[in-house]
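The block underneath contains the structure these notes are about, expressed in structure tokens.
What follows draws every value from the coordinates through simple rules; no lab data is involved. This is a predicted model, so every value here is computed, not measured. In this analysis, Cβ positions are derived from the backbone assuming ideal geometry, glycine residues included, and neighbour counts consider all displayed protein chains.
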Amino acid sequence: MRNERVLYEFDDFRIDSGQFMLVRHGQPQPITPTVFRILLHLLGNAGRVVTKEELVSNVWPDSYVAEGNLNRNVSTLRKVLGEKPRDHRYIETIPKTGYRFIAPVRQTEYQPANGLMAVSAQPARRTIVGRSIERRDQLHTFDQMKEGRGGIVCLSGENGMGKTALTEAFLADLADRGDTFNLAVARCSEPLTQPEPYEPFLECVSSLLAAESTADLVRSHAPTWHRTITQAAEDGGGSGNGGGRMKREFYELLRQMSVAHPLVLVIDDFHWADIASVELLSFLASRLVTMRVLIVVCVRPVDLMLQKHPFLQARAQMAAGGLIKEIVLPPLTKSHIQELIASELPVGALSDDLASFVLARSEGNPLFAVEILRKLRQDAGFAKRQDAVPDPIRSLIRSRLEPLHETDRGLLAAASVQGYEFDSAILAKSLTMMPEEVEERLQAVCEVHGLIRRLRDEELMDGKFTVRYSFVHALCQLVCQESIPPTRKASLNSAVAEAFLSYYGN
Ligand SMILES: Nc1ncnc2c1ncn2[C@@H]1O[C@H](COP(=O)(O)OP(=O)(O)OP(=O)(O)O)[C@@H](O)[C@H]1O
Ligand SMILES: [Mg+2]
């Protein structure tokens, strides 16, 4: 048997000598090591008659094997290859002598995967706290994919919940385990004009084209993608292409590329994906389940809702068919925050009070926690100023408030005067608005913008109902409060006090 690693192809089959793997139509076929060795020896000598003695001495170099055993294994091999008894398309029997592999065989050189190189080329790893369940889940999904059951993972969480950080940690985990895979990473950008069809997938294919080990496969199996990328580079812009062909080619590319190594595609910020990319992902969903391909997409639910993004419907359909695994990132807990403080602040800074402060302010959002800790490093007194908001978080929250209707922004500003939690009825009264309208508007702000959450319905003293809400973050309440001019704030304060008195007074 040869020592170097070789890939053979014939008909729909691909064989990787280094992995003891026989793949048909992109799917690994069950095969025992002995049968595999027989196939490998026949392929390595395709077109030539291989005697039974030669086969036996190569496949079982150290033991005596009866001819019957060899015949049985060859017959198993024929079954694996789907040969019919009187239709030996691949293995010809030479009576009393041996066998000859007769189908045309293509031999390709083994190329190492780009995955490990790309991963180890990542910049310094960030400290990650918590997320052990999610990392285990991701590795488990990767392992299933390696066995030929690929799929799509959707990492979902609001700004700063750590989707990108978790993806990097997952890739680093794979590198630490020594897994070999091809990797392409892309990121969707916020579309300012008409987005280019397939933008993130084109970015993935571009990086596969740039890597020596995968470029040939792109050129031979996805010529339209190849043309689109090279033409875009020449013209300085992309060009539309037949959607059907693009999808089929992409599928074929994944199928071929995943034979030698598993393939991982990561697409960050998929909430900005163009519709063609969403359609391509849906098209692939059912096909990935038999392939060694894993696609990870990261999304912010609020951005999907605000745009009424087509991925919402596509994801629901995939989920109904069990074709997508959703991982929703939960907030960090107090012990995670303690770990973060220990790693980010000087020794001795960690105290129970400080951890509670950071947790209350950040509500477990890692970005908020990291920014608060950064501020604390610069100014230890920051923790004492209850109204202080780190600048990057202020800009982030303001950008979240911007798309709101003016009336809704006014509602939240008035609500922030009530406190972190607030009542819809008090809000309505203090603004002299209809309670039903306030409830409806708050409901929409809650569902679409995710800036507040509905806590419970409560009955008031006069028998009417109110809905109790809270801001999603204490910092969100502070930023809303900051937006009110001083005179307005004073009149709102007294209006809220009066409304309270009228409902709860005496
Ligand atoms: N588990 C964690 N432990 C420590 N730091 C974290 C963790 N998760 C995220 N971070 C830090 O929080 C910040 C935001 O994380 P990240 O960029 O991954 O969020 P995101 O969900 O991708 O946000 P966006 O939706 O804006 O892209 C980064 O500085 C990151 O290093
Ligand atoms: Mg991100």
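Start at zero, step by 10 Å, and the Cα-Cα distances of the chain spread as 3, 16, 20, 19, 16, 11, 7, 5, 2, 1, 0 percent across the bins.
Under 12 Å from the Cβ of A369, count the other residues' Cβ atoms, weight Lys and Arg +1, Asp and Glu -1, and hand me the total. So the environment of A369 carries a net charge of 0. Here's how it looks for G162: its modeled amide H is under 5 Å from none belonging to a residue 5 or more places away or on a different chain. Round to the nearest 10 and give me the degree value, 0 to 90, for the angle of helix 366-378's Cα axis relative to the longest principal axis of the chain. Roughly 60 degrees between the two axes.
Taking a quarter of the surface of the Cα convex hull of the stretch 115-328 gives a mean projected area of 11.4 nm².
When the Debye formula is applied to the Cα atoms of the stretch 6-109, each taken as the same point scatterer, what base-10 log of I(q)/I(0) results at q = 0.12, 0.14 Å⁻¹? Log10 I(q)/I(0), no solvent term: -0.36, -0.49.
Per 0.36 nm of contour for each residue apart, how much would the distance between V65 and T224 grow if the chain were fully extended, relative to their Cα-Cα spacing? Display every interim value, and only then the final one.
On the way: separation 159, 0.36 × 159 = 57.24 nm, distance 5.20 nm.
Taking V65 through T224 to full extension adds about 52.0 nm, to one decimal.
Simple spin-label estimate for D457 and T193 gives 5.1 nm between the two label positions (7 Å along the Cα-to-Cβ direction from each Cα). Relative to the longest principal axis of the Cα atoms of the chain, helix 163-177 runs at roughly 30 degrees. Three principal axis extents of the stretch 334-388 based on alpha-carbon atoms, in descending order, are 24, 23, 18 Å. Out of all DSSP beta bridges with both ends in the chain, state the antiparallel percent to the nearest 5. Bridges in the chain are about 60 percent antiparallel. Mean residue ellipticity, 222 nm, helices only, the chain: the sum of -39500 (n - 2.57) across DSSP H runs of n ≥ 4, divided by residue count and rounded to 500, is -16000 deg cm²/dmol. Distance between the pseudo-spin-label points of V347 and T93 (7 Å out from Cα toward the beta carbon): 7.7 nm. Length available on full extension from E498 to K308: 0.36 nm per residue minus the Cα-Cα distance, which gives 64.5 nm. Dipole size of the stretch 65-112 about its Cα centre, with +1 on Lys/Arg Cβ and -1 on Asp/Glu Cβ: approximately 180 debye, rounded to the nearest 20. Counting only Cβ charges, +1 for Lys and Arg and -1 for Asp and Glu, the dipole size of the stretch 334-388 around its Cα centre is about 140 debye. Here each label is just a point 7 Å from Cα along the line to Cβ, and for R468 and D176 those points are 4.2 nm apart.
With +1 on the Cβ of every Lys and Arg and -1 on the Cβ of every Asp and Glu, and nothing else charged, how large is the dipole of the chain about its Cα centre, in debye rounded to the nearest 20? Walk me through the intermediate numbers first.
Working: 58 positive and 63 negative charges, 322 e Å.
The calculation lands at about 1540 debye.
Within the straight-line cut-off of under 27 Å between alpha carbons, the lysines reachable from K96 are K52, K79, K84, sequence neighbours fewer than 8 places apart in one chain being disregarded. Think of the chain as having a plus end and a minus end, set by charges on the Cβ of Lys, Arg, Asp and Glu; of T93, A497, T290, T93 sits farthest toward the positive end of this dipole.
The per residue volume of the convex hull around the alpha-carbon atoms of the stretch 242-316 is 82 Å³. Taking amide H as placed 1.01 Å from N in the peptide plane, K325 has its amide H under 5 Å from the amide H of I152, V153, C154, each at least 5 places away in sequence or on another chain. Compared with the dominant Cα axis of the chain, that is its longest principal axis, helix 67-80 is turned about 40°.
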